[in-house]
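Presented below is the structure to which this report refers.
The values are calculated or read from the model by the stated rules, or taken from the named source; none is laboratory data. Remember, it's a predicted structure, so these values are computed and weren't measured experimentally. FYI the Cβ positions are ideal-geometry reconstructions off the backbone, even for glycines, and counts take in every protein chain you see. Please note that ligands, DNA and RNA were not included when accessible areas were found on the heavy atoms of the full protein model with its side chains. Shrake-Rupley method; radii C 1.70, N 1.55, O 1.52, S 1.80 Å.
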Amino acid sequence: MSEEKVPGVYVTELELHRIKFFADPVRVDFRDATGQWARWSVIIGENGVGKTTVLRAIAGLLQPLDQGSPPAKHKQLFDFFLDESVRSPTNLSEARILSNRFPEYSNPHRLFQSIPEDETVHEPKDLADREICIGYGASRKMGSTDQSENRLADASATLFDDEALLANAEELIIRIDYSAEKDKTEELKNAFDAGETDFNFDTSIYGHASVKEELKRVQSGKCFFCESLVNDTAYGDVEHFRPQKAYLAPDGTAARPGYYWLAYAYENLFFSCQICNQKCKRNHFPLADENQRARSHHDDLEAEAPLLLDPGRDHPADFLRYNRSVVVAIDENPRGEATIAHTGRNRIPLEERRRQYLQKMALIAQIAHLPSPHQAAARQMLRRNCRRSAPYALMMQNNFPNFVPE
């Protein structure tokens, strides 16, 4: 398999003929006014004019190929492109696609044929090298947002299945732009291999306003660590879960290099209040076994056993619980203990703020348990404040378990 970089894929022209209600040939030109490939194309029209059909055609022509007979997904696409009365592949659209995946490729019939054994198929390695197509429609539902690439494995399914959940387009665009910074990461890796251990990073990439706003939105405006809402008077920080420049060694000294190869990795970024980030967590990243620490991009990151909880992967409720407004580690487990210690979960001002918040919720709970015109509204408020997106959600769920949404 070739290791060369796979460029972006641009559809320059698409001709629709005898597909759905496009009986007569219709050509869609995706190039800009200068004849160059347009990075963005907007298709606008009333319901039923064929917008989704155009997207389906593109999705069908850009599906990855496997050797041997067409997989089930390709068969579904194949059936879509055929006229109902004439079951022949000669009715497929013709499209001109610029891509080194299939050099000089202009025959979409080959999408559903075997690939010659001697033909090289480039497998995209990251988000920036993938063709992503997301269907939108009134009957489709937005899926829950996460930061995993697994949701993108079959993003074009939403074009063919009304029940398929949509990925979040805003987050995808940011992730695509972010993954395009891999050249910066390659520079860091090359510098390490040349002997460098003290790195400088481009903060305009991970600190960009669009990145911060998207992280803030994904986290419902809450700090990654303490669950407090970060309001307009506190700007908040973009925090690296694994510190990029240096980490605190067990003896308290700064050990370099840090996780430099994750400096621009979206999955390593979270939104944090400034106190948690700058005063508490800082460069702490303790492991259960220091000997398993990944000290360069050549090491296996999965071999690490981090002590700090990662809410993007871990379920804090499995490790932490609240005794009213004070958080404790369940059965004194080491991951819970380390998370409390290194993120300041029980610092006095924060615990006081939680205590005051809990007192207000306790008054609402009294109303919720008494027959009154306000009972239904009080119960609704408690259920709303027990959602994962609410501030101090775990504290609320531990103190008011009967109001946790199912």
(request) Mind counting the residues in segment 15-55 that are closer than 30 Å to Lys182 by Cβ, open to solvent by less than 70 Å² (accessible area, probe 1.4 Å) and at pLDDT below 80? (result) 3
(request) Would you point out the residue of segment 351-406, among those that are farther than 24 Å from Phe224 by Cβ and not in a helix (DSSP H, G or I), that is least open to solvent (accessible area, probe 1.4 Å)? (result) Ser372
(request) For Phe241, state whether it is open to solvent by less than 40 Å² (accessible area, probe 1.4 Å), in contact (Cβ under 8 Å) with a residue 12 or more places away in the chain and within 20 Å of Ile340 (Cβ to Cβ). (result) yes
(request) Tell me which of these Arg295 doesn't satisfy, since it passes every other one: (1) crowded, with 17+ Cβ neighbours inside 10 Å; (2) in a loop (DSSP other than H, G, I, E, B). (result) (1)
(message) Take Val328 and tell me if it is among the β-branched types (Val, Ile, Thr), open to solvent by less than 60 Å² (accessible area, probe 1.4 Å) and under 21 Å from the mean Cα position of the chain (by Cα).
(response) no
(message) Criterion first (over 32 Å from the mean Cα position of the chain (by Cα) and without any contact (Cβ under 8 Å) to a residue 40 or more places away in the chain) does His315 satisfy it?
(response) no
(request) Taking Ala305 as meeting all but one of (1) among the hydrophobic types (A, V, I, L, M, F, W, C); (2) surrounded by fewer than 17 Cβ atoms within 10 Å (Cβ to Cβ); (3) in contact with a Phe, Trp or Tyr (Cβ under 9 Å, 6 or more places away or on another chain), write down the number of the exception. (result) (3)
(message) For segment 182-191, which positions are surrounded by 13 or more Cβ atoms within 10 Å (Cβ to Cβ) and more than 13 Å from Leu262 (Cα to Cα)?
(response) Ala191
(request) Taking the options Gly344, Gly312, Gly336, name whichever one is open to solvent by less than 30 Å² (accessible area, probe 1.4 Å), in contact with a strand residue (DSSP E or B) (Cβ under 9 Å, 6 or more places away or on another chain) and within 23 Å of Leu248 (Cβ to Cβ). (result) Gly336
(request) Search segment 217-229 for residues being buried (at least 22 other Cβ atoms within 10 Å of the Cβ) and assigned to a loop (DSSP other than H, G, I, E, B), and hand back the single one that is nearest to the chain's Cα centre (by Cα). (result) Phe224
(request) Enumerate the pairs (first residue in segment 50-61 and within 14 Å of Pro25 (Cα to Cα); second residue anywhere and modelled with pLDDT under 70 and among the basic types (Lys, Arg)) with beta-carbon separation below 9 Å, excluding pairs fewer than 6 apart on the same chain, so at least 6 apart or on different chains. (result) Gly50/Lys20; Thr53/Lys20
(message) When you scan segment 196-213, do you find a residue that is touching a Lys or Arg at 6+ places or on another chain (Cβ under 7 Å) and crowded, with 21+ Cβ neighbours inside 10 Å, even just one?
(response) no
(message) For the list (1) more than 21 Å from the chain's Cα centre (by Cα); (2) modelled with pLDDT under 95; (3) over 21 Å from Val238 (Cα atoms); (4) not in a loop (DSSP other than H, G, I, E, B), I need the number of the one condition that Lys279 fails.
(response) (3)
